[in-house]
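Asker: So that we are looking at the same thing, I have put the structure below in structure tokens.
The values are calculated or read from the model by the stated rules, or taken from the named source; none is laboratory data. In this text, all values refer to a predicted model and were calculated from it rather than measured experimentally. Heads up, the Cβs are rebuilt from the backbone with ideal geometry, glycines too, and the neighbour counts pull from every protein chain shown.
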């Protein structure tokens, strides 16, 4: 029994340690100083992608003396690292939409940058809870579950964040891109829909960002 317990402890410790990978990158501090560090990037269970939701509120890294340090969004402008052949940039922005925990004392949040320009396109990550269901015919209840959700967030000229809404997408985006009439016309005519947000942002930055 003791041997089994020891094995389980070893497996558990191995699993915990495997959840964070050492990845080289850099931090741009609020004073614009660039600091090269080794990030301790968390990964979800059986996931090949970084746990971006955790990185939105705190980032762990090793400094030059290999000391573990925690960086929060209020303390820096950006973090960046490369993974899977892609450069990942997460910018610190004011959390106007309260995307982080309501218990957080931070005023900012790190968001994953998808498109840079006059209009920036970010992805925000959060966990959604699904309630359990009661089956009246069997008299049994099924437990709820959690699942990960990704949503786009927009920002123009470093102003307040905007999160497109499905029901009023055309109205919201027509107002947001009102300084680009040709683009608004395409949105109104449904040439561009909610699933085309990346194309919308790219067209705006290419044609209307001056």
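Asker: So which residues in segment 73-101 are part of a strand (DSSP E or B) and surrounded by fewer than 21 Cβ atoms within 10 Å (Cβ to Cβ), if there are any at all?
Answerer: 77, 78, 80, 82, 83, 86, 87, 88, 89, 94
Asker: Which residue, of 33, 53, is at pLDDT 90 or above, assigned by TED's automatic domain parsing to the domain that holds residue 148 and under 25 Å from residue 150 (Cα atoms)?
Answerer: It is 53.
Asker: Restricting to segment 60-94, give me the number of residues that are farther than 19 Å from residue 20 by Cβ and touching a residue at least 60 places away in the same chain (Cβ under 8 Å).
Answerer: Qualifying residue count for the region: 2.
Asker: Additional query: Out of the strands (runs of 3 or more DSSP E) lying entirely within segment 113-210, which hold 1 or more residues that are touching a helix residue (DSSP H, G or I) at 6+ places or on another chain (Cβ under 9 Å) and either at pLDDT below 95 or surrounded by 14 or more Cβ atoms within 10 Å (Cβ to Cβ) (or both)?
Answerer: Filter on segment 113-210 gives 119-130, 145-156.
Asker: Consider residue 104 against the criteria (1) buried (at least 16 other Cβ atoms within 10 Å of the Cβ); (2) in contact (Cβ under 8 Å) with a residue 60 or more places away in the chain; (3) out of contact with any strand residue (DSSP E or B) (no Cβ under 8 Å at 6 or more places or on another chain): it satisfies all of them except one. Which criterion is unmet?
Answerer: Answer for residue 104: the failing condition is (2).
Asker: Looking only at segment 35-59, filter to residues that are assigned to a strand (DSSP E or B) and over 16 Å from the mean Cα position of the chain (by Cα); which one of those is surrounded by the most Cβ atoms within 10 Å (Cβ to Cβ)?
Answerer: The residue in question is 39.
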